[in-house]
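The values are calculated or read from the model by the stated rules, or taken from the named source; none is laboratory data. Everything numeric here is computed off the predicted structure, so don't read it as measured data. Cβ: placed from backbone, ideal geometry, glycine included. Neighbour counts: every protein chain shown.
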Amino acid sequence: MQWEIVIGLEVHTQLSTNTKIFSGASTAFGAEPNTQADAVSIALPGVLPVLNKGAVERAIKFGLATGARIAQRSVFARKNYFYPDLPKGYQISQFDLPVVGQGALTIQVEPLSGNAKPYEKTVRITRAHLEEDAGKSVHGNSQGVTGIDLNRAGTPLLEIVSEPDMCSAAEAVAYAKALHTLVRWIGICDGNMQEGSFRCDVNVSVRRPGEPLGTRREIKNLNSFKFMQQAIDYEVQWQIDTIESGGKIHQATILFNPDTGETRAMRSKEDAHDYRYFPDPDLLPLEISTEWIEQVRGTLPELPQAKQARYVSELGLSAYDASILTASREMADFFEEALGDATGQAKICANWIIGEVSAQLNRDGLDMTQCPINAQQLGGMLTRIADGTISNSGAKEVFRTMWAEGGSADAIIEAKGLKQVSDSGAIEALVDEIIAANADKVTEYRSGKDKLFGFFVGLAMKASKGKANPAQLNDILKKKLAG
């Protein structure tokens with residue numbers, strides 16, 4: 001029997017402010033435990049929260065980037081629950097009046113298996129609300145006990161809640177990746193998943209076609225796209241097997257164990273009424289003027305989708321190339337800077353960045369911000385390919401040297417003697433010598449053995465030490481061999 005999968009995501013995005021959402025305490029990662037847990041973050045008697053303007057501006061920025069409604073009046077509420085790492089016994093969040101309303105994000109989905117083609121899909125965003133983070137429980141220390149680190153308490157978060165619009169692990173991963181790219185692109189989050197700056201909760205349910213939505217289970221705190229895909233696939237199969245064997249799904253919060261590849265229930269899932277939300281009496285409603293919204297709009301960069309469309313329409317790139325180049329703002333900036341020194345060479349520039357540059361970064365375990373060569377260096381090399389100064393093989397040697405030792409393309413070409421021979425007279429003389437020395441092969445070629453053309457090309461390139469311009473060489477050889 002067929003089953004339909006229904007998936008929605010709640011993504012906790014740590015905002016890139018230097019201080020916490022309601023106090024001046026630092027948000028820097030890696031400090032000694034409890035050295036950044038100030039009086040406001042743990043709500044000592046007599047303290048009052050003061051809202052961080054930068055956190056609000058980042059929320060507005062996200063709303064504008066997703067075409068969402070920005071609430072000109074929103075309210076902070078106390079969400080009451082009792083965990084060891086929640087020192088106040090409540091979390092300041094937003095409930096019925098969030099700062100960002102309904103929006104949408106269009107994604108490119110690459111199916112995880114089979115021969116299905118990539119496709120485009122729009123995922124609706126229900127809301128995005130501001131809230132403070134809780135602390136962190138540290139398990140299994142040297143004393144064998146659990147410790148509490150409250151440094152993270154009060155760190156600003158934007159929780160982004162989607163509609164249950166996704167129906168496969170591939171779609172959920174594509175949405176999470178697109179969201180990750182976007183928040184980094186517009187500068188509201190560093191996206192560091194290992195440090196917990198971008199954490200995903202995935203709500204999964206299954207149903208038979210035509211039936212109402214099934215009971216969902218929430219997979220908490222996934223900080224890897226690979227683990228997300230594995231967790232969803234396992235959970236979907238577990239729910240189907242449970243129902244088909246006569247069992248019943250109970251709403252629950254669950255965890256994914258990457259070592260076993262399995263999910264397990266952590267606790268029964270709370271509903272909104274369990275948290276006993278009420279407006280925070282220490283915080284006034286947040287008022288956002290039209291002028292403030294427009295001011296923030298003016299700081300938005302060109303967004304990934306707009307840039308992709310421009311690369312296709314203005315530069316003639318394929319949709320695939322455009323999507324790869326806009327996978328990060330750093331790569332898009334590198335491409336455009338390199339292209340500035342190689343005008344009219346968009347395709348070859350894209351090929352080098354998607355191919356050689358990305359491959360070398362992967363081999364060296366680096367990201368785009370750590371690239372040993374800069375965009376101007378690559379652009380200079382591409383210019384020399386375009387004007388015929390070096391061949392493709394020569395360009396690869398230039399690239400390898402540039403990566404390992406630095407320097408400009410022109411300096412490396414000169415130092416290594418890589419300049420391509422484009423003097424037609426010199427090439428003709430070289431071809432004449434080869435034809436004269438291989439009269440028997442010439443006769444065979446002219447009698448119909450066309451495959452011998454490669455033989456002559458090889459001899460010519462060897463004689464020129466690889467420096468003959470390939471296009472000119474081929475043209476001259478064809479003419480000479482034709483008699």
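Go through segment 117-131 and give me each residue that's of a type in the set (Lys, Arg) and touching a residue at least 40 places away in the same chain (Cβ under 8 Å). Explain how you work it out, then say what you get.
We begin by selecting, within segment 117-131, every residue of a type in the set (Lys, Arg); these are 117, 121, 124, 127.
Matches in segment 117-131: Lys121, Arg124.
Selection of segment 213-258 for residues being more than 21 Å from Gln2 (Cα to Cα) and without any contact (Cβ under 8 Å) to a residue 12 or more places away in the chain yields Lys226, Asn257. Meeting the requirement of 3 or more residues that are crowded, with 18+ Cβ neighbours inside 10 Å, the helices (runs of 4 or more DSSP H) wholly within segment 304-389 are 304-315, 319-325, 329-340, 346-352, 375-386. Within segment 203-234, which residues are crowded, with 18+ Cβ neighbours inside 10 Å and either touching a helix residue (DSSP H, G or I) at 6+ places or on another chain (Cβ under 6 Å) or on the phi > 0 side of the Ramachandran plot (or both)? Answer for segment 203-234, where residues must be crowded, with 18+ Cβ neighbours inside 10 Å and either touching a helix residue (DSSP H, G or I) at 6+ places or on another chain (Cβ under 6 Å) or on the phi > 0 side of the Ramachandran plot (or both): Val204, Val206, Ile219, Leu222, Met228, Gln229, Ile232.
Count, please, the residues in segment 17-68 that happen to be surrounded by 13 or more Cβ atoms within 10 Å (Cβ to Cβ), of a type in the set (D, E, K, R) and under 29 Å from the mean Cα position of the chain (by Cα). Of the residues in that region, 4 qualify.
Taken over segment 132-166, the criterion of being within 18 Å of Gln94 (Cβ to Cβ) and either of a type in the set (A, V, I, L, M) or without any contact (Cβ under 8 Å) to a residue 60 or more places away in the chain (or both) is satisfied by Ala134, Ala153, Leu157, Leu158, Ile160, Val161. May I ask you to list the residues in segment 278-297 that are β-branched (Val, Ile, Thr) and exposed (fewer than 10 other Cβ atoms within 10 Å of the Cβ)? Within segment 278-297, just Thr290 meets the criteria. Scan segment 449-471 for residues that are more than 14 Å from Asp432 (Cα to Cα) and either part of a helix (DSSP H, G or I) or modelled with pLDDT of 75 or more (or both) and the total you get is 11. Inside segment 388-415, residues that are touching a residue at least 12 places away in the same chain (Cβ under 8 Å) and basic (Lys, Arg) make up a count of 1.
Checking each residue in segment 427-483 for being small (Gly, Ala, Ser) and more than 27 Å from Lys416 (Cβ to Cβ) picks out Ala436, Ala437, Ala439, Ser447, Gly448, Ala482, Gly483.
Report whether or not Ala252 is surrounded by 12 or more Cβ atoms within 10 Å (Cβ to Cβ) and touching a Leu at 6+ places or on another chain (Cβ under 7 Å). Against the criterion (surrounded by 12 or more Cβ atoms within 10 Å (Cβ to Cβ) and touching a Leu at 6+ places or on another chain (Cβ under 7 Å)), Ala252 does not qualify.
The single condition from (1) assigned to a loop (DSSP other than H, G, I, E, B); (2) surrounded by fewer than 17 Cβ atoms within 10 Å (Cβ to Cβ); (3) touching a residue at least 40 places away in the same chain (Cβ under 8 Å) that Leu418 fails is (2).
Which residue is modelled with the lowest pLDDT, if the candidates are limited to segment 326-375 and must be of a type in the set (Val, Ile, Thr) and more than 20 Å from Ser313 (Cβ to Cβ)? It would help to see each step written out before you state the result.
If we filter segment 326-375 for residues that are of a type in the set (Val, Ile, Thr), which is where we start, we get 326, 343, 348, 353-354, 357, 369, 373.
Within this subset, residues satisfying the condition of being more than 20 Å from Ser313 (Cβ to Cβ) are 357, 369, 373.
Details: Val357: 96, Thr369: 91, Ile373: 96.
Ranking the qualifying residues of segment 326-375, first place goes to Thr369.
Residues are listed down the side, and each one gets a yes or a no for (1) β-branched (Val, Ile, Thr); (2) touching a helix residue (DSSP H, G or I) at 6+ places or on another chain (Cβ under 6 Å); (3) part of a loop (DSSP other than H, G, I, E, B); (4) at pLDDT below 95:
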residue	(1), (2), (3), (4)
Pro33	no, no, yes, yes
Gly46	no, no, yes, yes
Arg58	no, no, no, no
Gly67	no, no, yes, no
Ala104	no, no, no, no
Asn115	no, no, yes, yes
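Take the conditions assigned to a helix (DSSP H, G or I), at pLDDT 80 or above and either not acidic (Asp, Glu) or not assigned by TED's automatic domain parsing to the domain that holds Ala395 (or both) and apply them to Ile427. Does it pass?
Numbers: assigned to a helix (DSSP H, G or I): yes; at pLDDT 80 or above: no; either not acidic (Asp, Glu) or not assigned by TED's automatic domain parsing to the domain that holds Ala395 (or both): yes.
The answer is no for Ile427.
Determine the pairs where a residue that is under 10 Å from Ile354 (Cβ atoms), located within segment 311-327, has a partner that is surrounded by fewer than 19 Cβ atoms within 10 Å (Cβ to Cβ) and among the charged types (D, E, K, R) with Cβ atoms under 6 Å apart, the partner being 6 or more residues away or on another chain. Pairs found: none.
Scanning segment 69-82 for residues that are surrounded by fewer than 15 Cβ atoms within 10 Å (Cβ to Cβ) and part of a strand (DSSP E or B) gives a single hit, Arg73. Taken together, the residues in segment 256-277 that are within 34 Å of the chain's Cα centre (by Cα) and surrounded by fewer than 15 Cβ atoms within 10 Å (Cβ to Cβ) amount to 13. Can you confirm whether segment 292-302 contains a residue that is out of contact with any helix residue (DSSP H, G or I) (no Cβ under 7 Å at 6 or more places or on another chain) and modelled with pLDDT under 95? The answer is no; no qualifying residue exists. Of all residues in segment 68-121, those being under 21 Å from Phe225 (Cβ atoms) and acidic (Asp, Glu) number 2.
Return a yes/no flag: does segment 277-289 have any residue that is part of a helix (DSSP H, G or I) and not charged (D, E, K, R).
no
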